[in-house]
Amino acid sequence: SIISDEEFIDKLKYYKFKTSAGPKPVLLQIINFENPEEKFTLYNTSTEHIMVQKLTKEWIDDLGQNYKEIHEKYLNTLCNLTLLPKGHNSALSNLSFPKKLVHEKGYLNSKIPLNQQLGEYSVFNEKALEHRGNILVDVALDIWQYPPSVVYGENTIQSTLMESK
């Protein structure tokens, strides 16, 4: 069945990926769409959790009193995932968000503009996660669109497959 843009946004934004490889094709499409000059691939990138998998005191403080719920809701979602060049992920590991930003292999020094944009946030909390998720799904809506409806008499035929631009 056909889903609306709102349903697509909700499903993409909050989908919990089960493996670190799961979001890579989606993130690659978004990154390469936004940065056509330099193509990134499955082979030269690794998936990075921006908000760490095991919360530290710094992360708990940044997330606030509902830190457990926020961590559970967003940990493996597109909002919290990005791609880094191979070998950079382990350098950032469990660092605080400010340290992940400025580290020599961190977001601000990345060749990936999507990572550089993380510098817009002073903390990476629920508000930042939601904002980043909105940015990602906006790009996704530009990339993947439904083909137009074709009307034959009283019947409307519409493909359930999304097309890439």
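Any read-out appearing in this document is the output of simple, stated calculations on the displayed coordinates, not a laboratory observation. From a predicted model like this one, the values you see are computed outputs, not experimental measurements. With ideal geometry, Cβ positions are generated from the backbone for all residues, glycine too; neighbour counts draw on all protein chains shown.
Once the Cα atoms of helix 5-14 and of the chain are each reduced to a long axis, what angle between those two axes, in degrees from 0 to 90 to the nearest 10, is obtained?
30
Between rounded, prolate and oblate, where does the range 1-114 land on the alpha carbon gyration tensor, with a ≥ b ≥ c its root eigenvalues, rounded for a/c under 1.5, else prolate if a/b exceeds b/c?
Working: a/c = 2.01, a/b = 1.06, b/c = 1.90.
Judged from the Cα gyration tensor, the range 1-114 comes out oblate (a/c at least 1.5, b/c at or above a/b).
Tell me, in nm to one decimal, what length is gained between SER93 and LEU42 on full extension, where the rule is 0.36 nm per residue of separation less the Cα-Cα distance? Write down the numbers at each step before the final one.
Working: separation 51, 0.36 × 51 = 18.36 nm, distance 2.00 nm.
Once the chain is fully extended between SER93 and LEU42, it gains 16.4 nm.
Taking springs between alpha-carbon atoms closer than 10 angstrom, which of SER110, SER90, SER46 fluctuates most in the Gaussian network model of the chain?
Highest fluctuation among the options: SER90.
Filter LYS11/LYS99; LYS73/LYS111; LYS18/LYS99; LYS99/LYS127 down to the pairs with a C-alpha to C-alpha distance above 25 Å, please.
Values: LYS11/LYS99 31 Å; LYS73/LYS111 29 Å; LYS18/LYS99 27 Å; LYS99/LYS127 19 Å.
Among LYS11/LYS99; LYS73/LYS111; LYS18/LYS99; LYS99/LYS127, the Cα-Cα distance tops 25 Å for LYS11/LYS99; LYS73/LYS111; LYS18/LYS99.
Name the residue, out of PHE97, PHE33, PHE124, whose mean-square fluctuation peaks in a Gaussian network model built on the chain with Cα pairs under 10 Å.
So, out of PHE97, PHE33, PHE124, the one fluctuating most is PHE33.
If you plug each phi of the range 76-90 into the Karplus form 6.51 cos²θ - 1.76 cosθ + 1.60 with θ = phi - 60°, what whole-Hz ³J(HN,Hα) values come out, in order, with x for Gly and Pro?
3J(HN,Hα) across the range 76-90, in whole Hz: 9, 9, 4, 4, 9, 10, 8, 10, 10, x, 3, x, 8, 4, 5.
Between GLN117 and ASN35, with labels modelled 7 Å along Cα→Cβ, what's the label distance in nm to one decimal, could you check?
The modelled label-to-label distance comes out at 1.2 nm.
At a threshold of 8 angstrom on Cα-Cα distance, excluding pairs fewer than six apart, so keeping six or more, what relative contact order does the chain reach in percent? Walk me through the intermediate numbers first.
Numbers: 206 pairs, mean separation 41.1, N = 165.
That works out to 25 percent.
Explain nothing, just the number: relative contact order of the range 30-113, from Cα pairs under 8 Å at least 6 residues apart, as a whole percent. Intermediate results must be reported in sequence, preceding the final value.
Details: 79 pairs, mean separation 30.0, N = 84.
With pairs under 8 Å counted, the relative contact order is 36 percent.
Can you spot the aspartates and glutamates whose alpha carbon is less than 20 Å from LYS57's alpha carbon? Ignore those fewer than 8 places along the same chain.
GLU48, GLU69, GLU72, GLU126
As an exercise, identify the chymotrypsin sites (Phe, Trp or Tyr not before Pro) in the range 38-67 lying in DSSP coil whose Cβ has no more than 16 other Cβ atoms within 10 Å.
Details: sites: PHE40, TYR43, TRP59, TYR67; in loops: PHE40, TYR43.
Answer by residue number: TYR43.
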